[in-house]
Amino acid sequence: MGGLSMPPKPPALGAPRQSRGAPRSPDSVTGCERMQAAACVGAFWYVVRSKPHKEAWAQLQLQIKRLEVFYPKLMLPDYAKRRQPVVPLFPGYLFVRLALPDRYHDVIWAPGVQGFVGSKNGPIPVDDDAVELLRRRAAADGVIQAQPKLRPGQRVEVVEGPFAGLVGIIQRPPDTKGRIKVLMQLLNRAVAVDIPLGAINAEWTPIHIG
């Protein structure tokens with residue numbers, strides 16, 4: 001089957017646009033000194049790292065604790081012919097909305113969770129717009145329809161079938177049947193060949209996103 005290359009990590013971290021409430025004095029933020037001040041007031045989205053292949057389990061455990069969790073996944077089209085048509089958009093990562101430091105230990109002690117993503121000073125909130133962009137594209141269960149990340153003129157490797165191991169240049173993106181036209185060098189001349197998308201080492205991306 002074709003290789004599947006997914007984004008290694010979620011959107012870049014950054015301070016949220018707004019925070020609510022008056023700033024606290026240094027003496028009133030015990031346990032929060034190492035976290036950004038904006039993260040100490042109100043609830044914001046954070047990135048949480050799960051244990052390997054335990055994203056769904058971590059999501060369930062966090063939801064049991066009544067935390068808001070967003071676990072984005074990609075639904076690959078039928079013509080991709082994958083054994084698992086639904087795959088994590090960011091393998092090993094979840095988004096959790098909460099107020100810190102109040103619920104910090106609810107997250108780090110949850111089964112399936114390795115910890116927060118951030119800096120040496122503590123968890124860093126994610127810009128709300130980055131998460132909301134994904135949520136608008138996702139169904140209620142976090143599933144987003146995927147499309148192949150291929151373009152005319154792109155070099156691709158065939159990984160299965162009679163042309164396995166050969167490299168060609170895309171002439172036409174996948175059609176409705178999931179076949180892609182690739183220009184290949186065969187018998188010392190260029191030949192256009194229709195190849196199933198599942199035989200190409202292709203990346204996948206959410207539809208209408210980036």
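The values are calculated or read from the model by the stated rules, or taken from the named source; none is laboratory data. Just so we're clear, the structure is a prediction, and the values are computed from it rather than from any experiment. FYI the Cβ positions are ideal-geometry reconstructions off the backbone, even for glycines, and counts take in every protein chain you see.
Looking across region 182-204 at every residue that is surrounded by fewer than 17 Cβ atoms within 10 Å (Cβ to Cβ) and under 25 Å from the mean Cα position of the chain (by Cα), the one that is modelled with the lowest pLDDT is identified as 203. Looking only at residues of region 157-178 that are over 22 Å from residue 73 (Cα atoms) and touching a residue at least 60 places away in the same chain (Cβ under 8 Å), we find that the one that is surrounded by the fewest Cβ atoms within 10 Å (Cβ to Cβ) is 177.
Return the residue satisfying two criteria in turn: it lies in region 76-118 and is basic (Lys, Arg) and out of contact with any Phe, Trp or Tyr (no Cβ under 9 Å at 6 or more places or on another chain), and of such residues it is farthest from residue 141 (Cα to Cα). Residue satisfying both the conditions and the ranking: 103. Looking at residue 131, is it free of Cβ contacts under 8 Å to residues at least 60 places away in the same chain, out of contact with any Pro (no Cβ under 7 Å at 6 or more places or on another chain) and of a type in the set (Val, Ile, Thr)? So residue 131 does not fit the description; no.
Each residue in region 67-125 was checked for being buried (at least 18 other Cβ atoms within 10 Å of the Cβ) and part of a helix (DSSP H, G or I), and 3 pass.
Just to be sure before I move on: is residue 179 over 31 Å from the mean Cα position of the chain (by Cα) and not aliphatic (A, V, I, L, M) in the structure I sent? Walk me through it before giving the result.
Details: over 31 Å from the mean Cα position of the chain (by Cα): no; not aliphatic (A, V, I, L, M): yes.
Considered against the rule, which asks whether it is over 31 Å from the mean Cα position of the chain (by Cα) and not aliphatic (A, V, I, L, M), residue 179 comes out as no.
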